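Everything on this sheet refers to the single structure shown next.
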Amino acid sequence: MDGATKPKRVVVSDDAVPFVARGGRVFSKLVLRADPDVSPGDEVLVLDRNDRVITVAKAY
């Protein structure tokens with residue numbers, strides 16, 4: 001990730017955490033909130049509800 005810009009964030013539900021932590025995809029129905037400027041191709045931090053990083057992913 002580019003150190004000059006603030007990373008974009010996506011917060012997922014508790015149900016998604018174990019799946020995503022093992023490399024699974026984040027489906028939209030499991031997203032609780034996301035930065036409004038996330039665009040396809042962006043790298044994003046995927047976080048749990050307590051703001052702990054689960055993984056870094058590419059938005060599609």
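The values are calculated or read from the model by the stated rules, or taken from the named source; none is laboratory data. As the structure is a computational prediction, the values presented were derived from the model and not from experiment. Glycine gets a Cβ as well: all are built from the backbone with ideal geometry, and neighbour counts include every protein chain shown. Remember, those area values only see protein heavy atoms, side chains included, never the ligands or the DNA or RNA. Shrake-Rupley method; radii C 1.70, N 1.55, O 1.52, S 1.80 Å.
Does Val38 satisfy the criteria of being of a type in the set (A, V, I, L, M), surrounded by fewer than 13 Cβ atoms within 10 Å (Cβ to Cβ) and in contact (Cβ under 8 Å) with a residue 24 or more places away in the chain?
Taking the combined requirement at face value, the residue does not satisfy it.
In segment 36-53, which residues are among the hydroxyl-bearing types (Ser, Thr, Tyr) and not in a loop (DSSP other than H, G, I, E, B)?
none
Please go through segment 17-35 and pick out each residue that is open to solvent by less than 90 Å² (accessible area, probe 1.4 Å) and either part of a loop (DSSP other than H, G, I, E, B) or closer than 18 Å to Thr5 by Cα (or both).
Matches in segment 17-35: Gly23, Gly24, Val26, Ala34, Asp35.
So, in segment 1-49, how many residues would count as being of a type in the set (Gly, Ala, Ser), touching a Leu at 6+ places or on another chain (Cβ under 6 Å) and farther than 17 Å from Tyr60 by Cβ?
Looking only at that region, the number is 1.
Report, by residue number, each residue of segment 12-35 that is in contact with a Phe, Trp or Tyr (Cβ under 8 Å, 6 or more places away or on another chain) and touching a residue at least 40 places away in the same chain (Cβ under 8 Å).
None; the set is empty.
Out of Arg49, Arg9, I need the residue that is touching a residue at least 24 places away in the same chain (Cβ under 8 Å) and either among the small types (Gly, Ala, Ser) or open to solvent by less than 90 Å² (accessible area, probe 1.4 Å) (or both). Which one?
Among Arg49, Arg9, only Arg9 is touching a residue at least 24 places away in the same chain (Cβ under 8 Å) and either among the small types (Gly, Ala, Ser) or open to solvent by less than 90 Å² (accessible area, probe 1.4 Å) (or both).
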